[in-house]
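Engineer: I have a structure I would like to understand better, so I am pasting it below and will then ask my questions one at a time.
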């Protein structure tokens, strides 16, 4: 549907003027002066011509069907303009005019009416309150700089026109090019999700951009977003996004700006991870990440060799690459010796390779040729500023000449943006981005390398008793309390084939004695009834004999709402947590992390949206900071991470099959090696 907006053959500007300080005037100026090949028609009843273009007194007077109508008149006249354009046969509309949902509820209703009118006419409508659209076909924006627009570079969509302009300011200084810039304003009809859908459904390997850049303040259709993002990833695209308004205070700010609500940061983070989108937090991170992905090849592995003519930047980049999980292997001895024999005295040939401030283009060429076929190196950052002694363009030319066919990605860092400006401008003219800061490069490469593989494997289960789980949940639906009782939870876990400790419930000393002897001391005793057992003193661990058991049972039965006492065998090992929370519009969030009493203190957890693939489950486990504990440290046994991944996948299966599960916590899931037990589980249905 967006083709008429992205590639119009004729444009009618309603309210176009000669005053380029106003949106209608600047819009005409930009379209007219940026090589649009089609017809430009101006509707302005007060002037016979606008910027040397003839005008029409009304929309009805336009000469033929209009491909794209751009409305810039005051808000009270927008509806009539839209209706007349539809009557004229318009194929798409962009409403620049403001004064709608960003103002108040009345404006919100008015813009929804505009969207309904466009929908009935089966035409796409962008806006209102937007800055416009620019593509390599036409520059239909009224504000901000016009970037270098050319095919197969970067597609950019923004929920904020002003923010888009500021992002472009930075991108232009770094030499980043764009295929399109789409500002969607209040998103009354076309939002981020619809733009993704258009990019996805019109994708062509020969003509489409493979880098998509997003600035978002609202996401109203999470599942649609995931669907088209992942589809684009499978087609070879990279997506980079800022989601603003993710905190509570940020939500209020975004709401006042756009008239729409944002979702919690946890849900957004999980959503973007599920969608395989690189999430960034600032304009600089957004431009760096998208620009590097467009200009250069992504890292093919984790092993870097830094080439620098200045020691300090090389050390800082070394530190950052190490923090991001990259390796800096030593240069092979034969290559090391060859480099030292041919570089200036005092050069270093370890890793980094430092060829000094007086290093020349010939030195750099020799280094890169020497490293060309070293199979223990995956990519090469090259840092070269200007010492102010000579023209550095010959050095930059060496890099520009090698980039197209060099077998490893090269990432040039040019920090002398003032001293070496002429040389940098020549480099930018070759179509490559300028990277002025080495630590930002390291962080960006870390973000790019962390994007999950597009390969996603679904796990099938034949041993889960779905009928048993269905019966338990159906029976519980008739109860007033939606927290499942302990015995029902145990039955669900058994049906899922998730191992639990041997357990039984007692309500008297004699029952407790019989159960404890069957389990064998020491035992764990927990009150049955209250949800948060630790908060009410409802857990006793390591009960060693009958006397301790009877004393603990008496105290537990005195707790308010106590229905009995659960006896469990004493589990040992590392503690982790698996949690589930159903979020409106998003589905079920699944959490994994360090468990027990440390969950809320350390917050070493990660969230992902269900359903989980095998790869996502494995990635969740490896993503927590305490992963080394799960592997086992200092003689302490670790946990079987394949078993942990299997349990995560079973929980994912459960909540997908039974969406009435609102919340679930297994805390702790405890054990070591191949014996892992769900020690304490809570399930709430709705």
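The values are calculated or read from the model by the stated rules, or taken from the named source; none is laboratory data. This one's a predicted model, so the numbers in the text were calculated from it and none came from an experiment. Every residue, glycine as well, gets a Cβ built from its backbone with ideal geometry; the counts of neighbours run over all protein chains shown.
Engineer: Please enumerate the residues belonging to region 137-158 that are within 18 Å of residue 99 (Cβ to Cβ) and surrounded by 19 or more Cβ atoms within 10 Å (Cβ to Cβ).
Structural biologist: Of the residues in region 137-158, the ones within 18 Å of residue 99 (Cβ to Cβ) are 142-143.
142 - this is the single residue of region 137-158 that is within 18 Å of residue 99 (Cβ to Cβ) and surrounded by 19 or more Cβ atoms within 10 Å (Cβ to Cβ).
Engineer: Could I ask something else about it? Out of region 513-535, which residues are outside any strand (DSSP E or B) and modelled with pLDDT of 90 or more? Give the steps one after another, and end with the answer.
Structural biologist: First, the residues of region 513-535 that are outside any strand (DSSP E or B): 513-522, 529-535.
Residues satisfying the conditions are 513, 514, 515, 516, 517, 518, 519, 520, 521, 522.
Engineer: Examine region 319-334 for a residue that is touching a strand residue (DSSP E or B) at 6+ places or on another chain (Cβ under 6 Å) and modelled with pLDDT under 95, and state whether such a residue exists.
Structural biologist: So far as region 319-334 goes, no, none of its residues is touching a strand residue (DSSP E or B) at 6+ places or on another chain (Cβ under 6 Å) and modelled with pLDDT under 95.
Engineer: Name the single residue, out of those in region 474-512 being part of a helix (DSSP H, G or I) and touching a helix residue (DSSP H, G or I) at 6+ places or on another chain (Cβ under 6 Å), that is surrounded by the most Cβ atoms within 10 Å (Cβ to Cβ).
Structural biologist: Narrowing region 474-512 to residues part of a helix (DSSP H, G or I): 474-477, 486-496, 509-512.
Applying the additional criterion that residues be touching a helix residue (DSSP H, G or I) at 6+ places or on another chain (Cβ under 6 Å) yields 488, 491-492, 495-496, 509, 512.
On the way: 488: 17, 491: 17, 492: 22, 495: 19, 496: 22, 509: 15, 512: 27.
It comes out as 512.
Engineer: Can you tell which of 90, 78 is part of a loop (DSSP other than H, G, I, E, B), buried (at least 19 other Cβ atoms within 10 Å of the Cβ) and at pLDDT 95 or above? Before the answer, list the steps.
Structural biologist: Values: 78 fails: part of a loop (DSSP other than H, G, I, E, B).
Only one candidate passes the filter, namely 90.
Engineer: Might you let me know whether region 631-638 holds any residue that is surrounded by fewer than 19 Cβ atoms within 10 Å (Cβ to Cβ), in contact with a helix residue (DSSP H, G or I) (Cβ under 7 Å, 6 or more places away or on another chain), farther than 27 Å from residue 449 by Cα and free of Cβ contacts under 8 Å to residues at least 60 places away in the same chain?
Structural biologist: No: zero hits.
Engineer: For region 183-215, give me each residue that is under 22 Å from residue 101 (Cα atoms), free of Cβ contacts under 8 Å to residues at least 60 places away in the same chain and in contact with a helix residue (DSSP H, G or I) (Cβ under 8 Å, 6 or more places away or on another chain). First the steps, then the outcome.
Structural biologist: Of all residues in region 183-215, those under 22 Å from residue 101 (Cα atoms) come to 183-195, 214-215.
Applying the additional criterion that residues be free of Cβ contacts under 8 Å to residues at least 60 places away in the same chain yields 183-184, 191-193.
The answer is 183, 184, 192, 193.
Engineer: While we're on this one: Across region 279-289, which residue is farthest from residue 266 (Cα to Cα) among those that are buried (at least 18 other Cβ atoms within 10 Å of the Cβ) and under 13 Å from the mean Cα position of the chain (by Cα)?
Structural biologist: Checking each candidate, the answer is 289.
Engineer: Could you list, in sequence order, the residues of region 603-621 that are in contact (Cβ under 8 Å) with a residue 12 or more places away in the chain and either in the same structural domain as residue 224 (by TED's automatic domain parsing) or over 18 Å from the mean Cα position of the chain (by Cα) (or both)? Full working, then the answer.
Structural biologist: Within region 603-621, the first condition is being in contact (Cβ under 8 Å) with a residue 12 or more places away in the chain, and the residues that meet it are 604-621.
Listed by number, the residues that qualify are 604, 614, 618, 621.
Engineer: Can you go through 133, 73, 66 and tell me which one is closer than 29 Å to residue 35 by Cα and touching a residue at least 60 places away in the same chain (Cβ under 8 Å)?
Structural biologist: Numbers: 73 fails: touching a residue at least 60 places away in the same chain (Cβ under 8 Å); 66 fails: touching a residue at least 60 places away in the same chain (Cβ under 8 Å).
So the residue among 133, 73, 66 that is closer than 29 Å to residue 35 by Cα and touching a residue at least 60 places away in the same chain (Cβ under 8 Å) is 133.
Engineer: Separate question: Just a yes or no: is a residue in region 573-583 surrounded by fewer than 18 Cβ atoms within 10 Å (Cβ to Cβ) and not in a strand (DSSP E or B)?
Structural biologist: Within region 573-583, not a single residue is surrounded by fewer than 18 Cβ atoms within 10 Å (Cβ to Cβ) and not in a strand (DSSP E or B).
Engineer: Okay, next question. Give 525, 549, 557 a once-over and let me know the one that is closer than 30 Å to residue 603 by Cβ, crowded, with 17+ Cβ neighbours inside 10 Å, free of Cβ contacts under 8 Å to residues at least 60 places away in the same chain and not assigned by TED's automatic domain parsing to the domain that holds residue 670.
Structural biologist: Working: 549 fails: closer than 30 Å to residue 603 by Cβ; 557 fails: closer than 30 Å to residue 603 by Cβ.
Result: 525 is the single residue among 525, 549, 557 that is closer than 30 Å to residue 603 by Cβ, crowded, with 17+ Cβ neighbours inside 10 Å, free of Cβ contacts under 8 Å to residues at least 60 places away in the same chain and not assigned by TED's automatic domain parsing to the domain that holds residue 670.
Engineer: In region 314-328, which residues are closer than 25 Å to residue 359 by Cα, within 29 Å of the chain's Cα centre (by Cα) and not in a loop (DSSP other than H, G, I, E, B)? Outline the logic, then answer.
Structural biologist: Let us first name the residues in region 314-328 that are closer than 25 Å to residue 359 by Cα, namely 314-321, 328.
Imposing the further condition that a residue be within 29 Å of the chain's Cα centre (by Cα) reduces the set to 316-321, 328.
Answer for region 314-328, where residues must be closer than 25 Å to residue 359 by Cα, within 29 Å of the chain's Cα centre (by Cα) and not in a loop (DSSP other than H, G, I, E, B): 316, 317, 318, 319, 320, 321.
Engineer: Among the listed residues 134, 121, which satisfies the condition of being surrounded by fewer than 19 Cβ atoms within 10 Å (Cβ to Cβ) and either over 9 Å from residue 188 (Cβ atoms) or touching a helix residue (DSSP H, G or I) at 6+ places or on another chain (Cβ under 8 Å) (or both)?
Structural biologist: From the options 134, 121, the qualifying one is 121.
Engineer: Hey, can you tell me all the residues within region 44-75 that are in a helix (DSSP H, G or I) and out of contact with any strand residue (DSSP E or B) (no Cβ under 9 Å at 6 or more places or on another chain)?
Structural biologist: Just the residues of region 44-75 that are in a helix (DSSP H, G or I), to begin with: 59-61, 75.
Listed by number, the residues that qualify are 60, 75.
Engineer: May I pose another question? Can you find, within region 559-592, the residue that is modelled with the lowest pLDDT among those that are under 27 Å from the mean Cα position of the chain (by Cα) and on the phi > 0 side of the Ramachandran plot? So that I can check it myself, show each step before the final result.
Structural biologist: Step one: filter region 559-592 for residues under 27 Å from the mean Cα position of the chain (by Cα), giving 576-592.
Adding the requirement that they be on the phi > 0 side of the Ramachandran plot leaves 585, 587.
Values: 585: 83, 587: 90.
Looking at residues that are under 27 Å from the mean Cα position of the chain (by Cα) and on the phi > 0 side of the Ramachandran plot, I get 585.
Engineer: State all residues of region 199-223 that are at pLDDT 95 or above, surrounded by fewer than 21 Cβ atoms within 10 Å (Cβ to Cβ) and in a helix (DSSP H, G or I); if no residue qualifies, say none.
Structural biologist: 200, 201
Engineer: Please state which of the following conditions residue 588 fails to meet, knowing it meets all the rest: (1) assigned to a helix (DSSP H, G or I); (2) under 23 Å from residue 276 (Cβ atoms).
Structural biologist: Result: residue 588 passes all but (1).
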